[in-house]
Amino acid sequence: MSTLSFRDFLFAPDHPRVAEIRGLNAREYAEAAKTDSFAGPMIEGWTKLYPQAFTGITSDGVRREGLYPLTAARPGEEAPTAEMVAAAGKLLGAVTAEQKRRLCYAVDAPEWQSWANPEFMQHDTGLRLDEMDPPVRDAALALVEAGLSAEGYELVRNLMRINGFLGDLVELPLLMNEFSYNVALYGEPSETEPWGWQIFGHHAALNCLVAGTQLVISPVFMGAEPDMIDDGPHKGVKVFKERIGLARQLMAALPEDLRAQATVYREMVDPAMPEGRIHPGDERHLGGCFQDNRVIPYEGIRVADMPAEARVVLDAVVDDFIAYLPDGPRAARRREIQERYTESFFSWIGGWKGEEAFYFRLQSPVVVLELDHHTGVFLSNDEPAPFHMHTVVRTPNGNDYGRELVKQAWNS
C-alpha cells in the first residue's frame, strides 16, 4: 500500500480556503476569523469558556485534593530553577518598559488560560515573537529553552519551523511563520517563589510553572500539519513518528479481548458517538484550549489489566510524551504517572494497523495524555490522516499551570 503524502492534499493557490485570507497578518485574520464559517462557531464556543474561574479537569466533576504537595523535589529530580531565573532576567533586561508591561502578568492571572493552538490569534497575551526585534525574540526563546530538555526545545522549534514551512507552502507567511507565537511571563522570577512562562501559537502551546525545585509544564499542546519538512533549509525534519509507532505497538501488545475493550469507537467519526463528541476544531481530543474545567470520564481498559509487555510499551509512550521536561522533573513526572497506574485507564478510537488514523488517551488522577489524527485545515484531506496530528498533556485535579502549587505557596 502506498504511503499517503501531504503534497497530494495541497489546495490550488486560487482555492477560497487560502486565497480569501492571503495577505492578512495575524491581527487582521483574528478579526476576519470571527465571521469565518469554520472558525467563527469555534471562537463563539470558546468565548463562553474563557475566562471561567479555574478548578481543573476532573473525571467526575469532583476535584480530588492532596495529589500535588508543595515539597522540595527529591534528589535528582530538581528543576533547573537558577538557569530559568537567569534567562528570565536577560529577557526582562532586553525589553522596553512598554514591552515589559505587555509581557508580564501576576502568577495567578486568568491570562494563563488564554492560550490557544489555532493559527488565528484569539487573545493577544504577552509579546508576539514575529513582532519583536531579534535580540528580544532570542531572549524570549532562551527563556523557553531554559525550562525544557534539549530534545523538548528542539521539538518545539521544529513545530515552529513546520508552521513556517506550511505558511510558505500555502502562501500565507504573514499568518503562519516560524515566529508567529506569543510569549508571556507570570510572576516575579525567583528561585523560591512560584513563577512561570507561556508560549503559544499554531500547533505549539506550553505553560511552565516553577516553584522552588518543582517544575510543572502543563497544559501542553503540540501538533503538526504536515508532520515533516521535505524542502528548504530545514528539510528532513520529522515529528511524532516514534510516538505514533509506539502507540501502534501498544495496541499490538494487547490481547485481542483487551484491545477490543480499549477501542471505545471503531471509526474516527462513529455513528455510535454521542452528539458533541466530535468538535469542529479539536475533533476527538478533549483537553485542548479553554477546556481547563472539563469533566472527562474514564474510558477503555485499566492499565493494571495490561500484560507486562504492554506496560513496557506504555512506559515508552509516556516517556515520549514527557520528553520535553528536563531530566530531573521528567523523572519526577514519570514516577508520579507510574505510581497511579492502578488508577489509570487507556482508551482508543479508530484502527491501529498500517497507516490507519487513530486517537488514544491515557488518563489517571494526575495525567491526561491524548493523541489524535485530524482532517486537513490548510491541507485538503477530509478524512483524518497520519500527517496531521494533535497531542495534549494535562494535569487534572487542579495542577495545570502549577495552580495547586501556587495555592499552597500562598497559604503556607
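Key figures for this structure:
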item	result
Test: residue in the stretch 178-188 that is open to solvent by 10 Å² or more (accessible area, probe 1.4 Å), of a type in the set (S, T, N, Q) and outside any strand (DSSP E or B)	no
Hits in the stretch 383-412 - residues which are assigned to a loop (DSSP other than H, G, I, E, B) and at pLDDT 95 or above	E383, P384, T395, P396, N397, G398, N399
Failed criterion for T96 (all others in (1) modelled with pLDDT of 95 or more; (2) closer than 25 Å to M228 by Cα hold)	(2)
Residue selected from the stretch 280-318 under the condition among the charged types (D, E, K, R) and in a helix (DSSP H, G or I), by the criterion least open to solvent (accessible area, probe 1.4 Å)	D315
Whichever residue in the stretch 319-352 is part of a loop (DSSP other than H, G, I, E, B) and either β-branched (V, I, T) or over 17 Å from S149 (Cβ atoms) (or both) and, among such residues, is most open to solvent (accessible area, probe 1.4 Å)	E339
Residues located in the stretch 388-412, provided they are more than 15 Å from the chain's Cα centre (by Cα), at negative phi and open to solvent by less than 10 Å² (accessible area, probe 1.4 Å)	N399, L405, V406
Residues within the stretch 235-279 that are part of a helix (DSSP H, G or I), open to solvent by 30 Å² or more (accessible area, probe 1.4 Å) and among the basic types (K, R), tallied	3
Filter pass, G232 being in contact with a helix residue (DSSP H, G or I) (Cβ under 8 Å, 6 or more places away or on another chain), open to solvent by 30 Å² or more (accessible area, probe 1.4 Å) and in a loop (DSSP other than H, G, I, E, B)	yes
Scope the stretch 89-121; condition open to solvent by 20 Å² or more (accessible area, probe 1.4 Å), under 26 Å from L159 (Cβ atoms) and either touching a His at 6+ places or on another chain (Cβ under 6 Å) or without any contact (Cβ under 8 Å) to a residue 40 or more places away in the chain (or both); matching residues	Q99, R102
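The values are calculated or read from the model by the stated rules, or taken from the named source; none is laboratory data. Predicted model only: the values in this text are computed from it and were never measured. With ideal geometry, Cβ positions are generated from the backbone for all residues, glycine too; neighbour counts draw on all protein chains shown. In case anyone asks, the SASA skips ligands and DNA or RNA and just uses the protein heavy atoms, side chains included. Shrake-Rupley method; radii C 1.70, N 1.55, O 1.52, S 1.80 Å.
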